[in-house]
1. What residues have an amide H closer than 5 Å to that of K12, excluding those fewer than 5 places away on the same chain, when H is modeled at 1.01 Å from N in the peptide plane?
2. Students often forget the sequence filter, so: which lysines lie under 19 Å Cα-Cα from K12 once same-chain residues fewer than 8 apart are removed?
3. Taking every DSSP beta bridge that has both residues in the stretch 122-244, what percent is antiparallel when rounded to the nearest 5?
4. Along the charge dipole of the stretch 6-117, pointing to its positive end and built from +1/-1 on Cβ of Lys, Arg, Asp and Glu, which listed residue (Q109, L69, L53) has its Cα farthest out?
5. Evaluate the charge dipole of the stretch 4-147 about its Cα centre and quote only its size in Debye, nearest 20, assuming +1 on the Cβ of each Lys and Arg and -1 on the Cβ of each Asp and Glu.
6. Only Lys, Arg, Asp and Glu count, each charged at its Cβ (+1, +1, -1, -1), so figure out the dipole size of the stretch 174-267 about its Cα centre, rounded to 20 debye.
7. With an 8 Å Cα cut-off and a minimum separation of 6 or more residues, compute the relative contact order for the chain in percent.
8. How far is helix 69-82 tilted, in degrees, relative to the longest principal axis of the Cα atoms in the chain, given as a value from 0 to 90 rounded to the nearest 10?
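Nothing in this text is a laboratory measurement; each read-out follows from the coordinates by a stated rule. Source: prediction; values computed, not measured. With ideal geometry, Cβ positions are generated from the backbone for all residues, glycine too; neighbour counts draw on all protein chains shown.
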Amino acid sequence: MTELKQQDSVGKVWFVGAGPGDPELITVKGLRLLEQAGAVLYAGSLVSQATTLYAPKSTVVCDSKGMTLEEITDWLITQAQQHKTVVRLQTGDPGLYGALVEMVQPLDQAKIDWAVVPGVSSAMASAAAAGETFTLPELTQTVIFTRMAGRTPMPEGEDLESLAAHKTTICLFLSITLLADVQKALVNAGWDGDAPILVVQKASWPDEEKIVRGTIKTIHDQCRAEKINSQAMIIASPALGARYWPEIRHSKLYDASFTHRFRKANK
Ligand code: SAH
């Protein structure tokens, strides 16, 4: 790894959430940083290359798809020695399954300044694409962001069956190839096999987004038929499809008989 003293470092590394795919879903702050970036490293397996086009033509742009962690951090350190603004573009929000800590520790060691700009997570974009809400009064007021164990094992007590016992909204990242296990865990946790479940692939990607609605029983076969096996979010929630229900509990905030800080109740 590159050895640096504080005064050698001129630049700052920004870990910027690129959003879920649509280049317009980056934040204004992320966009401004790209516009002034001397170097941009983007995760090409998940971040649309179109997002890098906000950077000037003279910017050094590199795809990290084939790089190891050490190659990534060495690249960031080297670029921060040459440029004031270096952007590491991460999919969605950098704080979710983004290997952030692994990347910032070597920067700290090299005394390189860094900061994070949050992004729109693919979980949010998936709900938005399908016109769904994660929370509904008196039905579910909690959202669990999780994944199935893959090559990364799950910590004790965080297996889906235990989490699903809460019957809240659950967003499953990195788990689309494990749908059979998802089905099993939900049913074992007491969910009805006929309960609705949603899969969104490439949420917000222009012309590439796919939305599949099914039940816990049917979703695996549906996704197989649609050849969905990557970049997809699985959402299980008691609130799915609520926009079609004749009656729902309304939020107190807009209830005419409810007084709050900004409005008095009607008599
Ligand atoms: N930090 C990212 C998640 C990275 S992990 C975020 O906040 O969204 C990668 C996983 O995110 C994928 O396996 C998939 O489950 C999900 N994902 C990323 N982009 C997606 C998209 N556009 N649509 C649906 N799921 C997506």
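1. T85, V86
2. Cα-Cα hits under 19 Å: K29, K84, K111.
3. 75 percent
4. About the Cα centre, the residue reaching furthest to the positive side is L53.
5. So the magnitude is around 380 debye.
6. It comes to approximately 640 debye.
7. 19 percent
8. 50 degrees
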